[in-house]
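Here's the structure, in C-alpha cells; my notes come after.
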Amino acid sequence: MIEVTGLTKRFGDVTAVDDLTFTVRPGKVTGFLGPNGAGKSTTMRMILGLDRPTRGQATVNGKPYTTLKNPLTTVGSLLDANSRHPNRSARNRLKWIAQSNGIAVKRVDEVLHLVGLTEVGKKKAGGFSLGMGQRLGLAAALLGDPEILILDEPVNGLDPEGIVWVRTLLKTLAAEGRTVFVSSHLLSEMAHTADHLIVIGRGKLIADAPVNEFIKHSAKSSAHVRTPEPLALTEALNGQNISFTAEKDPEGREVFVIPGATTDRIGQLAHTNSIPLAELTEHTASLEQAFMESTGDKAQYQAAFTGMKDMPAVEEDKQ
C-alpha cells in the first residue's frame, strides 16, 4: 500500500505538488492522471525518496521508502527508461542491480524472459530502441518480485503488441494482490487497464475514484436519435426545453445528439408525440472526455492552434 498525506513540494516560488492526500491500495491497478506539469512525476519521485517533500509525507507499507532494506524486494519502479549505462549489456545491468539488493542472479534470466529480451540480453543497452529500453526498465522494476510497482509511462515507445502485454501484466500482478500505481498519457489504454484513478491538476487532487465513477461524474452521456420525422422531434424537444444538436453519421444520415438525456426519457417523449424512431441509443462518455472536462482549466500549457487558419503567414524573402 502507498499512502500520501499532505504531500507538498515547492521549487522556489513554484508549487509543483500542493497538499496531496490519497491511498493506493493493493489488488487493483491505480492510474495516475494529469496534464503535463500537473506534478505526477514529482509525486512519484517523492514516494521513492528521490525528492524531499516541502511538507507532508509518503510511505510504502507504512514506512518511508528510504528506510527500506533491499527496497527492490518491496517496491519496483520505472521512472525513466533511458537512465541506463549505454556500454553495459542488459543482463549485466540487471545482474548489478540484483546483487546490490540481495536478489539471486538467476532472477535476471527470469525477468529477461518475462519482458521478451532474452535474445538481446548480452547486447549493449545503448543500442536499444525506445521500446526495448522500456522493456529493460520494466525488467529492472520486476527484478525483486516486488509487492508494489510504481511506473511512469511504462508503455511509452512500445508497439501495439507490447502495450497489450503490459496491460495484461499489470492486471495480472494486481490480481495477485499487489499494489500497482501507473501514470500514462494514453487515456484510451488507461481506460482498459486501470480499475481506480487518482487525477491531479496543477499539483492539486481533482479526483480519487473508480474509473467508471470518474467518467460518470466528470462527463455527460448522450442519447443519439434518428427519425424519419425530424421536424416533429425538433418541436417535441424544444417544447420540453431539451438541448440538442443535429449531426451527420458516417453514412450521411441526420442524428439528434442530446447531451445528458437517457434513452428512457427520449423514448417516452417520442411515444407521447407519436414520433417514429429509426435509432435510439445511449452513448457513454469516454475517459478522454471525462479527463478533458475535469482538467481542461488545469493544464499548464494550452495550445492556441485550432487549424490551418491559425497558422501565421510566412513572407517570402525578397532579394
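Only the coordinates and a few stated rules stand behind these numbers; no lab work does. As the structure is a prediction and not an experimental result, all values here were calculated from the model. Glycine gets a Cβ as well: all are built from the backbone with ideal geometry, and neighbour counts include every protein chain shown.
From the backbone phi of segment 241-255, what are the Karplus-calculated ³J(HN,Hα) couplings (6.51 cos²θ - 1.76 cosθ + 1.60, θ = phi - 60°) in whole Hz, Gly and Pro given as x?
Couplings: 6, 9, 6, 7, 10, 9, 10, 9, 7, x, 9, x, 8, 6, 10 Hz.
Once phi is turned into ³J(HN,Hα) by the Karplus curve 6.51 cos²θ - 1.76 cosθ + 1.60 with θ = phi - 60°, what whole-Hz value does each residue of segment 103-114 show in order, with x for glycine and proline?
Listing the rounded values in order: 9, 4, 4, 4, 5, 4, 5, 5, 6, 4, 5, 4 Hz.
Please name whichever of H196, S183, T227 sits farthest to the positive end of the charge dipole of segment 171-236, dipole taken about the Cα centre and charges placed at Cβ: Lys and Arg +1, Asp and Glu -1.
Comparing the listed Cα positions along the dipole, S183 ranks first.
If I take all pairs of Cα atoms in the chain, what percentage of them are more than 32 Å from each other? List each step's numbers first, then the result.
Values: 22497 of 50721 pairs.
When every Cα pair of the chain is considered, 44 percent fall beyond 32 Å.
Using modelled amide H (1.01 Å from N, peptide plane; none on Pro or chain starts), what sits under 5 Å from the amide H of V255, excluding residues fewer than 5 places away?
When sequence neighbours closer than 5 places are left aside, the close amide H contacts are E247, K248, D249.
Short version: ³J(HN,Hα) in whole Hz for each residue of segment 166-174, in order, from phi by Karplus 6.51 cos²θ - 1.76 cosθ + 1.60 (θ = phi - 60°), x for Gly and Pro, what are they?
These are the phi-based 3J(HN,Hα) values: 5, 4, 5, 4, 5, 5, 5, 5, 5 Hz.
For R55 and R88, compute 0.36 nm times the residue count separating them, minus their Cα-Cα distance, and round to one decimal in nm.
So the extension gain works out to 8.0 nm.
Using alpha carbon centroids, what distance separates segment 26-103 and segment 183-255, in Å?
What the calculation gives is 36 Å, centre to centre.
Can you list residues from other chains, or at least 5 along the same chain, whose modelled amide H is less than 5 Å from the amide H of T179?
Amide H neighbours of T179, under 5 Å, 5+ apart: G27, I148, L149.
Checking a compactness column here: for segment 220-284, what do you get for Rg(Cα) / (2.2 N^0.38 Å), N being the number of residues?
So the Cα radius of gyration is 0.99 times the expected 2.2 N^0.38 Å.
Test of the criteria: in segment 229-272, which GluC sites (Glu not before Pro) are in a DSSP loop and have at most 12 other Cβ atoms within 10 angstrom of their Cβ?
Those that pass, being in a loop and sparsely packed, are E251.
Between 0 and 90 degrees, rounded to the nearest ten: what's the tilt of helix 263-272 against the longest Cα principal axis of the chain?
Around 10 degrees separate the two axes.
What's the angle, to the nearest 10 degrees (0 to 90), between helix 90-100's Cα axis and the longest principal axis of the chain?
The helix 90-100 is inclined about 70 degrees to the chain.
Calculate for the chain the 222 nm mean residue ellipticity that helices alone would give, adding -39,500 (n - 2.57) per DSSP H run of length 4 or more and normalising by residue count, nearest 500 deg cm²/dmol.
Taken over the chain, the calculation gives -9500 deg cm²/dmol.
Can you give the relative contact order of the chain as a percent, counting alpha carbon pairs under 8 Å and 6+ residues apart?
Relative contact order comes out at 20 percent.
What fraction of the DSSP beta bridges in the chain is antiparallel, stated in percent and rounded to the nearest 5? Show your work: numbers first, answer last.
Values: 33 of 51 bridges.
The antiparallel proportion sits near 65 percent.
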